[in-house]
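For reference, the structure discussed in these notes is given below.
Quick note: the coordinates plus some simple rules give every number you see, no bench work behind them. Predicted model, so just to flag it, every value in this text is computed and none were measured. As a convention, Cβ positions derive from the backbone with ideal geometry for all residues, glycine included, and neighbour counts pool all protein chains shown.
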Amino acid sequence: MKQLYRRLSQVGFTKPYLKKVAALPDWWDDALAENPVGYAQCLMRLSRHLGLDIRSLESTGSIRVKDFGVCKFKKRAGTTTDELQLSRAIATRAAQFAAAATTTPYDPIPLAAELRQRVLESAPWVGLNELLAHCWGAGVPVLHVNLFPNKTKRPDGFTLRVAERPVIVLCREERQPAWLLFILAHELGHIACDHVPVGGAVFDERMYDNEPDTEEEEADRYAVELLTGAAGTRISADGRWPNAQQLTDLARAFGKRNGIDPGHAVLNYAHTMGASFFPVARAALNLLHPNPDAIGQVRDALAAHLDWSRLPEAASEFLVRVTRQEQDG
């Protein structure tokens, strides 16, 4: 096991991560690996949960990530594909387990205008809870995964197809719903615009800092139309910058009048104003939602909709850990 831990650390997986977060069960003792059967079980768990090639684990050479098929990496300038492979592998395994435990048939994601109309039939605007409910009702699992090895680059959002079923993994560590709302809407845009290849994935490193391309622009337009009613919506106001309380009041009134989530109105306004305005926007979001728990909203929806009985115990344990279900007791 010492040699295995050393080889895994060279890939990026530390011993604490392996034992306490992702791969090895609570009852695991390294002494079990002295038995060939126990060691083989250890390697199988590492391979299944972390997406590692089993033959490379069994050898003494470099450990490799499994081939998960085509992935369109939407990334920032200066980021290499290799730097994103570990987070892609972990997110992929979590998504595959979630897909296996989802029983609702997949209902294709419609155009933004149609989806917006469906949501507005029973809600004042398209918010995070409403969009999560639609995804699960359409057979599209949505997870939040952000427990990756230290120093591992991770995405804001990640969407893949398991057979024909899309799965969305949100990874950005934001408690305010408006942030995850836009990422989720953007990922739905990738699905609706047929950007996600069958058996493949789209990896969005940073939603606002990726190198621009046509698919990113299409997904952004889909998201803005879904959330506001028009793909070109840019919320702005004349005069001086509002303070946080003024922006909060403006967003509430504007959102109620136009059927737009006030949190999204704040972020949309901030993007119109520029990066220097974001501290004011964050303060306004905190006034809108003083005790936000967007990750908890995603986590609760996952717990409610998965048929956990369809997963082996080890897979359920892994999914609980990486989606942090156990944090709620």
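Return the whole-Å distance between the Cα centroid of the stretch 53-77 and the Cα centroid of the stretch 131-176.
20 Å
From the P(r) of the stretch 58-156, can you give the percent of Cα pairs sitting at distances over 21 Å? Spell out each step's value before the answer.
Numbers: 2564 of 4851 pairs.
Percent of Cα pairs beyond 21 Å in the stretch 58-156: 53.
Compute for the stretch 115-225: radius of gyration divided by Kirkwood radius, i.e. Rg/Rh, restricted to C-alpha atoms, rounded to two decimals.
That ratio is 0.95, to two decimals.
Which translational diffusion coefficient, to the nearest whole µm²/s, is obtained for the stretch 214-320 from the Stokes-Einstein equation, given a Kirkwood hydrodynamic radius over C-alpha pairs, 4 °C and 1.567 mPa s?
Estimated via Stokes-Einstein, D reaches 80 µm²/s.
Using only the alpha-carbon atoms, how far is helix 36-50 inclined from the longest principal axis of the chain? Give it as 0 to 90 degrees, nearest 10.
On a 0 to 90 degree scale, this one is about 20.
Give me the Kirkwood hydrodynamic radius of the stretch 152-208, using the inverse of the mean 1/r over all pairs of distinct Cα atoms, in Å to one decimal.
11.4 Å
As an exercise, take the mean of 1/r over every pair of distinct alpha carbons in the chain, invert it, and state the Kirkwood radius in angstroms.
The Cα-based Kirkwood calculation yields 20.8 Å.
Just to confirm my numbers, what's the Cα centroid distance between the stretch 183-260 and the stretch 276-329 in Å?
Rounded to whole Å, the Cα centres lie 21 Å apart.
To the nearest 10 degrees, how steep is helix 244-258 against the longest Cα principal axis of the chain, on a 0 to 90 scale?
Roughly 80 degrees between the two axes.
Can you tell me the Rg and the Dmax, both Å, for the Cα atoms in the stretch 1-106?
Computed over the Cα atoms of the stretch 1-106, radius of gyration and Dmax are 15.2, 47 Å.
Not counting the cut sites, what is the longest span of the chain without trypsin sites (Lys or Arg not before Pro) that DSSP labels loop and that have at most 10 other Cβ atoms within 10 Å? Don't skip to the answer; put the middle values down first.
On the way: sites that count: LYS151, ARG240.
Value returned for the longest uninterrupted segment is 1-150.
For the cross-link pairs LYS72/LYS256; LYS74/LYS256; LYS66/LYS151; LYS74/LYS151; LYS15/LYS75; LYS19/LYS66, which exceed 27 Å when the distance is taken from alpha carbon to alpha carbon?
From the list (LYS72/LYS256; LYS74/LYS256; LYS66/LYS151; LYS74/LYS151; LYS15/LYS75; LYS19/LYS66), the Cα-Cα distance tops 27 Å for LYS72/LYS256; LYS74/LYS256; LYS15/LYS75.
Tell me the angle of helix 313-322 to the major Cα principal axis of the chain, expressed in degrees between 0 and 90 and rounded to the nearest ten.
Roughly 50 degrees, rounded to the nearest 10.
Near HIS134, within a Cβ-to-Cβ distance under 12 Å, what is the net charge of the other residues, with Lys and Arg +1 and Asp and Glu -1?
Net charge in that neighbourhood comes out at -2.
If you take all C-alpha pairs in the stretch 1-63, what percent of them are over 19 Å apart?
The calculated P(r) of the stretch 1-63 puts 18 percent of pairs beyond 19 Å.
Out of every Cα pair in the stretch 234-290, what percent are spaced more than 16 Å from each other?
28 percent
In deg cm²/dmol, rounded to 500, what helix-only [θ] at 222 nm does the chain give when every DSSP H run of at least 4 residues adds -39500 (n - 2.57) and the total is split over its residues?
My calculation for the chain gives -14500 deg cm²/dmol from helical runs alone.
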